[in-house]
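So the structure is just underneath, and the comments pick up after that.
The values are calculated or read from the model by the stated rules, or taken from the named source; none is laboratory data. Quantities reported herein were computed from a predicted structural model and do not represent experimental measurements. All Cβ positions, glycine included, derive from the backbone under ideal geometry; neighbour counts span all protein chains shown. Remember, those area values only see protein heavy atoms, side chains included, never the ligands or the DNA or RNA. Shrake-Rupley method; radii C 1.70, N 1.55, O 1.52, S 1.80 Å.
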Amino acid sequence: MPMGERQVRVAVVNQHPSVALGGSETQCALIAAGLARRGHDVRYVAVGGADVAAEEEAGVEVVAVDRSPRAAVAACTDRDVVYWRIARWGLRTATRELGAAGVPVVFAASHVDDLRRIAPGRSARPPGPARMLELLLGAARSARSYGALRRVAAIVANNADHLRLVPSGV
């Protein structure tokens with residue numbers, strides 16, 4: 001790290017590429033390794049578990065947690081900043097608890113639905129009352145988690161067009 005620059009303790013929160021290999025997982029692994037190469041203290045909080053060999057070789061600490069927002073948050077409380085890249089899953093808990101601890105959260109929008117108040121529902125159930133109830137409950141959860149976007153320190157997106165959906169005041 002060049003003289004005069006401060007080491008930042010960063011947490012990257014997402015599923016781990018050894019468990020769910022996709023675009024956001026690959027991107028998070030690259031971001032974590034790049035920050036570690038630049039001398040930062042990087043922790044990859046692997047929601048749902050991980051095979052940690054590759055990141056540890058790159059100087060990234062990997063902490064596997066279960067699929068609980070509180071477990072993910074607990075692994076981040078000693079960080080200077082958190083990069084949240086697992087959609088809006090757990091974002092209400094993260095912004096509330098990390099905000100109380102003074103840890104800023106940067107939300108990375110993976111999909112346009114991450115920035116919509118109510119994301120379109122999906123259900124594998126056949127048409128009928130059970131499917132309608134499932135979709136309505138999903139819409140209510142989506143609207144509730146949308147409020148957490150107002151408590152993040154910043155929002156980033158791969159598609160600049162999606163940023164027009166960011167709530168005012170963020």
inquiry  = On the basis of being free of Cβ contacts under 8 Å to residues at least 40 places away in the same chain and within 12 Å of the chain's Cα centre (by Cα), does residue 17 make the cut?
reply    = no
request  = Considering only region 59-77, state which residues are out of contact with any strand residue (DSSP E or B) (no Cβ under 7 Å at 6 or more places or on another chain) and either over 21 Å from residue 17 (Cβ atoms) or not small (Gly, Ala, Ser) (or both).
outcome  = 66, 69, 70, 73, 74, 77
query = Which residue pairs have Cβ atoms under 7 Å apart, sit 6 or more places apart or on different chains, and have a first residue in region 35-46 that is within 19 Å of residue 18 (Cα to Cα) and a second that is at pLDDT 95 or above and not aliphatic (A, V, I, L, M)?
reply = 43/79; 45/76
key: Subset of region 64-78 (residues that are closer than 16 Å to residue 104 by Cα and of a type in the set (A, V, I, L, M, F, W, C))   = 72, 73, 74, 75, 76
note = Scanning region 74-91 residue by residue, those in contact with a Lys or Arg (Cβ under 9 Å, 6 or more places away or on another chain) and among the β-branched types (Val, Ile, Thr) turn out to be 81
inquiry  = Based on this model, can you work out whether residue 130 counts as touching a His at 6+ places or on another chain (Cβ under 8 Å), open to solvent by less than 70 Å² (accessible area, probe 1.4 Å), of a type in the set (A, V, I, L, M) and at pLDDT 80 or above?
reply    = no
request  = Would you please name the residue that is least open to solvent (accessible area, probe 1.4 Å), looking only at residues in region 145-170 that are at pLDDT below 90 and in a loop (DSSP other than H, G, I, E, B)?
outcome  = 167
ask   = Which residue, of 151, 117, is of a type outside the set (A, V, I, L, M, F, W, C), free of Cβ contacts under 8 Å to residues at least 40 places away in the same chain, touching a Ser or Thr at 6+ places or on another chain (Cβ under 8 Å) and farther than 25 Å from residue 21 by Cβ?
value = 117
